[in-house]
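Presented below is the structure to which this report refers.
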Protein chains: 2
Amino acid sequence: MDAEVVAVGSELLLGQIVDTNSATIGRHFAEIGLNLFYKTTVGDNLGRVTACLRQALGRSDVVLTTGGIGPTEDDITREAVAGATDRELVFHEDLWQKIQAFFESRGVKASESNRRQAWIPAGAIIVENPVGTAPAFILEHRGRTVITLPGVPREMEYLLRSRVLPYLRERYGIKGEIRLRVLKVVGLGESRVGERIADFMVKAGNPTVGTLAHLGQVDVRIAAKADDRAAAERLIAPIEAEIRTRLGDAVFGADAETLESVIAGRLGTPGGRVALVEVGTAGTATERLAAAVPESLAAGLVAASPRGLDALGVDFGAIDGPLERATAAASAVARWAGVDVGAAVWLEDLPGSAPPIVRAAVAVSVRGRPAGHEHRVGGDRASVRIRAATLLLDEIRRALPGAGS
Amino acid sequence: MDAEVVAVGSELLLGQIVDTNSATIGRHFAEIGLNLFYKTTVGDNLGRVTACLRQALGRSDVVLTTGGIGPTEDDITREAVAGATDRELVFHEDLWQKIQAFFESRGVKASESNRRQAWIPAGAIIVENPVGTAPAFILEHRGRTVITLPGVPREMEYLLRSRVLPYLRERYGIKGEIRLRVLKVVGLGESRVGERIADFMVKAGNPTVGTLAHLGQVDVRIAAKADDRAAAERLIAPIEAEIRTRLGDAVFGADAETLESVIAGRLGTPGGRVALVEVGTAGTATERLAAAVPESLAAGLVAASPRGLDALGVDFGAIDGPLERATAAASAVARWAGVDVGAAVWLEDLPGSAPPIVRAAVAVSVRGRPAGHEHRVGGDRASVRIRAATLLLDEIRRALPGAGS
C-alpha cells in the first residue's frame with residue numbers, strides 16, 4: 001500500500017517552524033507496513049492545496065493531510081479536500097455543540113470563527129479530537145482514503161495513534177504486527193556496535209536489526225513482523241539475547257528506559273539520592289536528572305570554573321588534573337549534601353589540540369569510596385556537553401549495583 | 001518568481017531524521033523575495049525523483065534539490081536531474097582530482113565510490129563545496145533554474161548563502177534588499193503585544209510587522225524591502241522607534257541579542273557574576289547562562305526540593321510562600337558564592353488547580369538588597385520550566401542597571 005502526506009501551512013514554507021509531523025507519520029506508517037512515498041508541503045492557498053490533493057489521490061492509496069483545519073480564514077484544508085473529491089461541505093450542528101463545550105470546559109467562550117470547524121466534507125467519518133478543538137475526518141473516495149488531521153504535533157500524533165492507525169489496519173486488512181525492541185547502548189560508538197552485530201544487520205531479515213546514533217548513545221532497533229504480537233516477540237527474543245551477550249554491560253536498558261530511569265531504580269526509592277558537581281557542562285546532567293527523576297536528585301552544583309565551588313571547601317587549585325579534581329569533587333559534594341552518592345564531571349580543554357579536544361573526567365563516590373575515568377571528547381561545545389553528561393550518568397549507573405548483581 | 005524544493009532521501013520519509021533544510025531555504029528565499037510554493041519530499045527512487053523534478057520544472061522558475069548527491073548507490077539525484085532535463089551525465093576529471101585532494105587533506109584516501117560524485121549533468125555550472133565532498137551544481141534549463149545541493153544541513157546552508165543566493169540575485173535581476181529587525185519581548189504575551197501594535201500589522205505594508213511567540217518570549221519582526229540596505233534601514237527606523245515606545249521595557253533587545261547576552265552586558269566584564277538557586281526548574285536558567293555566557297555565572301545550585309539547599313544555612317521550612325523563599329535564597333546564594341548578585345526561582349504547585357497551575361517566584365538580590373515577583377504559570381512541566389527560567393532571567397535583567405539608565 002502506498003501512502004503520502006500533504007502538509008498544509010505557509011508557516012512551514014516560510015521556515016517559521018520545522019515540520020516534525022512528517023517524521024512521526026513516517027515512523028508510524030512504517031510500523032504497520034505502509035510505504036510513505038511522497039510528502040508535499042504547500043502553503044495556505046486553496047487552488048494549490050486542491051491540486052496537490054488531486055495529484056496525491058491519483059497515485060497513492062492513503063493520503064494524509066496535516067494542518068489547515070483551524071478556525072481562521074487561512075485554514076482551507078476542509079475546502080480543499082471537498083474540492084479534490086468533488087463534494088460539498090456539510091455543517092454538523094452536533095460538532096459545533098461539542099466545540100462550544102470544549103471551550104466552556106476551559107472557562108472560555110468559543111468564538112464565531114470556530115463555527116467554520118464544524119463544516120466537514122459530505123460522507124466523511126468525523127474523528128473527534130478530545131485533545132484540541134479541530135475535528136479531524138476520514139473520507140473514502142473511489143477506493144482511496146483521505147485522512148485530515150490537525151497540524152499541532154501533540155494533537156496530530158494522538159489522533160494518528162488512537163484513531164487513524166486502527167482504522168487503516170481494519171480498512172486495509174493489515175493483519176501483521178510489527179514489534180520493536182530498542183536496546184539502549186552507551187560507551188560503545190555506532191561503528192563498534194555495528195561491527196559486533198554485523199551478521200544481524202542484513203537488509204531482508206526478519207527480525208531486521210539496525211542502529212541509530214545519538215550523541216553519546218546508540219540505539220539498536222530489532223523489528224520483527226509476525227501474525228500477532230506474541231509471535232513477533234518470539235522472533236525477537238533469541239536475537240535480543242545474543243546481541244545483549246555481545247554488547248555486554250554497554251546495554252543499559254531497553255525501549256522506554258533511559259539512563260536517568262535506570263539510575264533512579266538503582267538508587268532505590270524512597271531516599272536514595274545523588275548530588276552532582278558539573279564544571280564545564282552547563283549543568284546538563286543535573287538538568288536531565290532533575291527533569292526525569294527529580295526525587296533522585298539531592299542537588300546539582302553547576303559552575304563554569306572552580307571559583308564557583310569554593311563552598312565545597314576543597315582547594316581545587318592545589319589538585320592536578322581533571323580526573324583528580326572530579327574525584328575530589330564527587331566525594332566533597334556527597335558530604336556537602338549529606339547523601340551517600342556524589343558524582344562529578346569536570347571538563348578541561350586539551351591544550352594545542354586542533355580540532356579542539358576536551359578532557360572529560362567523570363567520577364562517582366559511593367559511601368566515601370570514589371572512582372572515575374577520564375575520556376577525550378571532540379565536537380562543538382553543545383555536543384561535548386551532552387556527551388560528557390552522558391558519560392557522567394553512565395559512570396553513576398555503573399557505580400551502583402544493578403538488580404542482577 | 002516561484003520556487004520549490006525537492007528534498008531527496010528515504011530517511012526523511014521513514015522519520016529517521018527531521019528535515020530542517022526546508023525551513024532554512026524558506027527563510028532565505030523569503031529574504032530575497034522568492035516565493036516558495038511547494039516542497040516535495042521523495043525517497044531514493046530514480047523514477048519518483050525524476051517525476052517530481054519534471055513536475056516542478058513545469059510550474060516553478062527555480063527548483064532546488066537537497067540530498068542524494070553522496071557517493072553511494074542510493075544517491076540518485078544527479079541521474080534524476082539529468083533525466084528530467086534530458087541530458088547526459090559528464091565525468092569531470094578535475095572535480096575527481098579535487099575530491100581526492102579533499103580526502104587527502106584529512107589523511108584519508110577517497111574511495112572508488114566517491115568517483116560517482118564527479119559525474120555532473122551536461123551544461124551544469126559546478127558549485128564547488130569547500131565544506132564537504134559532494135560537489136553541487138546549477139543548471140539552466142528552458143528558462144528555469146535547477147539547483148542541486150547536498151543534504152547535510154551545514155553544507156547546504158553554506159552553499160545556499162555563499163553561492164546560490166548571489167547567483168539567483170544576478171540571474172533574476174533581484175535588486176531589492178529585504179532587511180529584518182527582530183525586537184525581543186519578554187513579560188507581555190503575544191496577544192497583548194499584538195493589541196498594542198495592531199495598526200502596524202497590516203498585510204500589505206512596507207515594512208511589514210509580525211509577531212512570533214516562543215515559550216515566555218515574543219519576537220516582533222519588522223521587515224522592509226527597498227533598493228538597498230540603507231534605504232531599508234530608513235524604512236525600519238521610525239516603526240522600530242514607535243514600537244519600542246509602545247512596548248516599553250518589555251523589549252529587552254534586538255536581533256542576535258538574548259536575555260543571557262543582555263544580562264552579561266549589564267553585569268559587566270571582567271568580574272561581574274551572578275549565582276543562582278533553582279528549585280523546580282531543573283536548572284534551566286543556570287544551563288542557559290552557563291552555555292551562553294559562562295564567564296557571568298558564578299555557580300548555579302539546582303535542587304528538586306528545599307532539602308538540597310541545606311548548605312545555604314537557611315531554614316526554608318520556617319519560611320512561608322515561594323516568593324519569601326526565593327527572596328531568602330537569592331540573598332543566601334550571593335553570600336554563599338561570594339558575589340554581588342544572587343537570584344532564585346522557586347516553583348510550587350498551586351493546590352487544587354486543574355489544569356495544574358504553578359506558582360513561580362523569582363527574586364534577585366543586588367548587594368544584599370533583594371526583590372522579587374510571583375507569577376502563575378500553566379502548561380506541561382517542560383514548558384513551565386522554560387517559562388519560569390525566562391521569568392528569572394528577565395527579573396535579573398530588570399534588577400541590573402542598563403546602559404541607558
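The values are calculated or read from the model by the stated rules, or taken from the named source; none is laboratory data. The shown structure was predicted, so the numbers you read here are calculated from the model rather than taken from an experiment. Virtual Cβ from ideal backbone geometry, glycine too; neighbours counted across all protein chains shown.
Going residue by residue through the stretch A:271-283, is there one that turns out to be within 14 Å of another protein chain (Cβ to nearest Cβ), surrounded by fewer than 21 Cβ atoms within 10 Å (Cβ to Cβ) and touching a residue at least 40 places away in the same chain (Cβ under 8 Å)? Looking for residues that are within 14 Å of another protein chain (Cβ to nearest Cβ), surrounded by fewer than 21 Cβ atoms within 10 Å (Cβ to Cβ) and touching a residue at least 40 places away in the same chain (Cβ under 8 Å), one finds at least one in the stretch A:271-283, hence yes.
Pairs are defined by a Cβ separation below 6 Å, a sequence spacing of at least 6 or placement on different chains, a first member in the stretch B:298-320 that is more than 7 Å from chain A (Cβ to nearest Cβ), and a second member that is assigned to a helix (DSSP H, G or I) and of a type in the set (A, V, I, L, M); the pairs so defined are B:LEU312/B:ALA332; B:VAL314/B:ALA328; B:VAL314/B:ALA332; B:ILE319/B:ALA328. The residues of the stretch B:203-234 that are over 25 Å from the mean Cα position of the chain (by Cα) and in a helix (DSSP H, G or I), listed by number, are B:ALA230, B:ALA231, B:ARG234.
Condition check for B:ASP340 on (1) without any contact (Cβ under 8 Å) to a residue 60 or more places away in the chain; (2) farther than 22 Å from A:ALA290 by Cα; (3) away from every other protein chain (no Cβ under 11 Å): one failure, at (1).
Residue count for the stretch A:376-395, restricted to those that are part of a strand (DSSP E or B) and surrounded by fewer than 17 Cβ atoms within 10 Å (Cβ to Cβ): 2.
Assess whether B:ARG398 counts as being surrounded by fewer than 20 Cβ atoms within 10 Å (Cβ to Cβ) and free of Cβ contacts under 8 Å to residues at least 24 places away in the same chain. Answer is no for this residue. Evaluating B:SER383 against the criteria (1) more than 14 Å from chain A (Cβ to nearest Cβ); (2) among the polar types (S, T, N, Q); (3) in contact with a Leu (Cβ under 9 Å, 6 or more places away or on another chain) leaves one unmet condition, (1).
Which of the residues belonging to the stretch A:1-21 are of a type outside the set (D, E, K, R) and either part of a loop (DSSP other than H, G, I, E, B) or at the interface with chain B (Cβ under 7 Å from one of its Cβ atoms) (or both)? Even if it seems obvious, please write down each step before you answer.
Within the stretch A:1-21, the first condition is being of a type outside the set (D, E, K, R), and the residues that meet it are A:1, A:3, A:5-10, A:12-18, A:20-21.
Within the stretch A:1-21, A:MET1, A:GLY9, A:LEU13, A:LEU14, A:GLY15, A:GLN16, A:ILE17, A:VAL18, A:THR20 qualify.
Applying the condition of being within 7 Å of chain A (Cβ to nearest Cβ) and closer than 11 Å to A:LEU13 by Cβ to the stretch B:29-46 and asking which residue is surrounded by the most Cβ atoms within 10 Å (Cβ to Cβ) yields B:LYS39. If the condition is being surrounded by 24 or more Cβ atoms within 10 Å (Cβ to Cβ) and modelled with pLDDT under 95, then the stretch A:47-71 contributes A:GLY67, A:GLY68, A:ILE69.
In the stretch A:105-112 there is no residue that is at pLDDT below 90 and under 19 Å from A:TYR167 (Cα atoms).
Is it the case that A:ALA290 is in contact with a Leu (Cβ under 9 Å, 6 or more places away or on another chain), within 14 Å of chain B (Cβ to nearest Cβ) and either surrounded by fewer than 16 Cβ atoms within 10 Å (Cβ to Cβ) or more than 23 Å from A:HIS373 (Cβ to Cβ) (or both)? So A:ALA290 fits the description; yes. Among residues of the stretch A:143-157 that are among the β-branched types (Val, Ile, Thr), those with a beta-carbon under 8 Å from a residue that is buried (at least 17 other Cβ atoms within 10 Å of the Cβ) and at pLDDT below 90 at least six positions away or on a different chain give the pairs A:VAL152/A:GLY132; A:VAL152/A:ALA134.
Within the stretch A:358-375, which residues are surrounded by 24 or more Cβ atoms within 10 Å (Cβ to Cβ) and either more than 22 Å from A:SER331 (Cβ to Cβ) or among the polar types (S, T, N, Q) (or both)? Within the stretch A:358-375, just A:SER365 meets the criteria. Residues in the stretch A:245-259 that are in contact with a Leu (Cβ under 7 Å, 6 or more places away or on another chain) and surrounded by fewer than 16 Cβ atoms within 10 Å (Cβ to Cβ): A:ALA254 only. Scanning the stretch B:79-96 for residues that are surrounded by 12 or more Cβ atoms within 10 Å (Cβ to Cβ), assigned to a helix (DSSP H, G or I) and either on the phi > 0 side of the Ramachandran plot or more than 33 Å from the chain's Cα centre (by Cα) (or both) turns up B:GLU79, B:ALA82, B:GLY83, B:ALA84, B:LEU95, B:TRP96.
Taking the stretch A:116-170 as the region of interest, the strands (runs of 3 or more DSSP E) fully inside it that hold 3 or more residues being among the hydrophobic types (A, V, I, L, M, F, W, C) are A:125-127, A:136-141, A:144-149.
Restricting to the stretch B:5-28, give me the number of residues that are over 22 Å from the mean Cα position of the chain (by Cα) and buried (at least 18 other Cβ atoms within 10 Å of the Cβ).
Quick first cut of the stretch B:5-28, residues over 22 Å from the mean Cα position of the chain (by Cα) only: B:6, B:8-11, B:13-14.
After this cut, where a residue has to be buried (at least 18 other Cβ atoms within 10 Å of the Cβ) as well, the list is B:6, B:8-10, B:13.
Looking only at that region, the number is 5.
Going by the structure shown, is B:VAL81 aliphatic (A, V, I, L, M) and either in contact with an Asp or Glu (Cβ under 6 Å, 6 or more places away or on another chain) or over 25 Å from B:LEU36 (Cα atoms) (or both)? Spelling it out, it is not the case that B:VAL81 is aliphatic (A, V, I, L, M) and either in contact with an Asp or Glu (Cβ under 6 Å, 6 or more places away or on another chain) or over 25 Å from B:LEU36 (Cα atoms) (or both).
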